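Below is one structure; the comments refer to it alone.
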Amino acid sequence: MTAEVDRIITKKTGINPDLSSNHIRCVCHKIALIVASGLKAIDTNTAGLTKCKKKTLGHVPFLDTIPENPQETNNNNQGAAFLSGDEDLDAPVLDQSDEDCEDETDELAGSPGNSETMAGILNKVDFVIQRITSSSSKRSEFELWRTKLDDPGPTLIAGYGIRWNIKWQSRDRAYQSRNVINKLIENEKDRQERDGGKSFYQDCEITRGDWEIVKRLNDILSEFYFITKKMEGDHSSAGMLLVEYQAIKDSLKDRLASVTENEFRSMLKKMIEKTETYLSEALSCNTILLTTMLNPSYRLSIFQAVFSSHHEYAEILLRQQFDKRKAELAATVTSRESTPPQPSQPQKTSHRRPIDYLDLFPGAVESTNTDELANYLGVKGSFTFCIFLQEHQNEFPTLASLAKDYLACSATSASVERCFSAAADICGRDRGSLAPRTIEKSVSSHQWLKQGFKADGDFERAQVIARK
């Protein structure tokens, strides 16, 4: 897509923006891929095997079809799992042998699987959650016992084949309401012993150790959840991208140093490997480097303190862009009014990491240098970019001009996706699942209205609104 945009812009303007090498990859998508790699690393008990659809002499595993290019196919599948949002990273394998079960929700809920592995424990917890949420009587029983036990936990939500963050919320809610869930399992066990018949939960028992595994996994994934929430939305986030990747990497390494279980270690190592890949990718993007340096909270100091291997290159890049913009503004720059630096108050947040406490400007002093760039890099304190632009744009006109361009960059496409979804809502039945043809019709209609095209007949009311 970016290559095609490059071609069109170059053809129409004669300027090649080189978006193919400078566009920012969506950080929310990258975070999802990091989580996917970690969860797949612990789900090794059924890798490469599929269940037989009919029960023969017990469970007979069949090998999956071997693709021609395993590496390429694996990568494509991994990306597709999060582009559509319809894939489940660690969904339990459905047991098709229970066709004679009277409860129609058996097929939907799947099977708890092997509860000895971490993946089996997670499947078991997911299975119980899905069984409760899929039955109106069990939901009522859950609410009843939540009241009786005076349990402050939230209601449950299921995590069928959907995004990892919903799965995280589902297990987090289940952990908070674990006492109620254990009571429901105990009640079902008593009923089965008294009346006989099949167990609604297929004799699943969630021990205290199982809940501890869920809690520890959720603690790891919570870092990704909070960063995703922080980065998504229509705001300047590209200037925070490098710091967020580094925060993820530091958090995972700290946890790796404190765990001993092989499954947790495998998951964390795979996540660290993926994070380093995407961090290197971000460090190779000039747009991200410039946006980070133009963020007054980090400036060039973040490269000196954290990304020292890129410090020299980043400094040269900033100087080149500064000189280029200064030459462009030379004819329009007016006299500067000196503004005393007033450090802004940092935004309050309840989720702070070690990198947030890093003192990036220990030796910064007020400079009397006439060089605008040197004054910017040496000014005391840390600033938020909005307040900095408001208070210092007369003092730093060239940098303010650069900042308005680069700090407008977003590190995620979440806001664009919401825009497309909003546009699709007006397409009704013909939305075509956001097909290019559907979007093209909407854009073309908008252009016709802007160019004075007059609609009549059934569209007269819309024409009146457009004319206003």
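Would you mind finding the one in GLN176, GLN192 that is more than 33 Å from the chain's Cα centre (by Cα) and among the polar types (S, T, N, Q)? Working first, answer last.
Details: GLN176 fails: more than 33 Å from the chain's Cα centre (by Cα).
Only one candidate passes the filter, namely GLN192.
Test SER367 against the stated conditions and say whether it is under 27 Å from GLU244 (Cβ atoms) and modelled with pLDDT under 65. Full working, then the answer.
Values: under 27 Å from GLU244 (Cβ atoms): no; modelled with pLDDT under 65: yes.
No, not satisfied.
Take the conditions among the small types (Gly, Ala, Ser), part of a helix (DSSP H, G or I) and crowded, with 20+ Cβ neighbours inside 10 Å and apply them to GLY239. Does it pass?
Values: among the small types (Gly, Ala, Ser): yes; part of a helix (DSSP H, G or I): yes; crowded, with 20+ Cβ neighbours inside 10 Å: yes.
Criteria met by GLY239.
Please work out which one of (1) part of a helix (DSSP H, G or I); (2) of a type in the set (A, V, I, L, M, F, W, C); (3) without any contact (Cβ under 8 Å) to a residue 40 or more places away in the chain is the condition ALA174 fails and give its number.
Every listed condition holds for ALA174 apart from (3).
Of everything in segment 136-160, what is under 19 Å from SER199 (Cβ atoms) and either touching a residue at least 60 places away in the same chain (Cβ under 8 Å) or outside the structural domain of LEU221 (by TED's automatic domain parsing) (or both)? Give them in sequence order.
Within segment 136-160, just LYS138 meets the criteria.
Given the criterion touching a Phe, Trp or Tyr at 6+ places or on another chain (Cβ under 8 Å), among the basic types (Lys, Arg) and surrounded by 17 or more Cβ atoms within 10 Å (Cβ to Cβ), identify the matching residue among ARG299, ARG216.
Numbers: ARG216 fails: surrounded by 17 or more Cβ atoms within 10 Å (Cβ to Cβ).
Of the residues listed, the single one that is touching a Phe, Trp or Tyr at 6+ places or on another chain (Cβ under 8 Å), among the basic types (Lys, Arg) and surrounded by 17 or more Cβ atoms within 10 Å (Cβ to Cβ) is ARG299.
Condition check: assigned to a helix (DSSP H, G or I) and farther than 29 Å from SER136 by Cα. Does ILE220 satisfy that? Give the steps one after another, and end with the answer.
Details: assigned to a helix (DSSP H, G or I): yes; farther than 29 Å from SER136 by Cα: yes.
So ILE220 fits the description; yes.
Which members of segment 209-243 meet the condition of being more than 24 Å from GLU276 (Cα to Cα) and modelled with pLDDT of 90 or more?
GLY209, ASP210, TRP211, GLU212, ILE213, VAL214, LYS215, listed by residue number.
What do you reckon, is GLU223 under 21 Å from LYS40 (Cα atoms) and surrounded by fewer than 17 Cβ atoms within 10 Å (Cβ to Cβ)? Outline the logic, then answer.
Numbers: under 21 Å from LYS40 (Cα atoms): yes; surrounded by fewer than 17 Cβ atoms within 10 Å (Cβ to Cβ): no.
So GLU223 does not fit the description; no.
Which residue out of GLU232, GLU193 is without any contact (Cβ under 8 Å) to a residue 12 or more places away in the chain and of a type outside the set (A, V, I, L, M)? Walk me through how you get there before you give the answer.
Working: GLU232 fails: without any contact (Cβ under 8 Å) to a residue 12 or more places away in the chain.
GLU193 is the lone residue from the list that is without any contact (Cβ under 8 Å) to a residue 12 or more places away in the chain and of a type outside the set (A, V, I, L, M).
Looking only at residues that are among the polar types (S, T, N, Q) and under 19 Å from SER308 (Cβ atoms) in segment 259-290, which one is surrounded by the most Cβ atoms within 10 Å (Cβ to Cβ)? Full working, then the answer.
Within segment 259-290, the first condition is being among the polar types (S, T, N, Q), and the residues that meet it are 260, 262, 266, 275, 277, 280, 284, 286-287.
Within this subset, residues satisfying the condition of being under 19 Å from SER308 (Cβ atoms) are 275, 280, 284, 286.
Values: THR275: 25, SER280: 10, SER284: 12, ASN286: 16.
The extreme case among them is THR275.
The values are calculated or read from the model by the stated rules, or taken from the named source; none is laboratory data. For clarity, every value in this text was computed on a predicted model and none was experimentally measured. Positions of Cβ are backbone-derived with ideal geometry, glycine not excepted, and every protein chain shown enters the neighbour counts.
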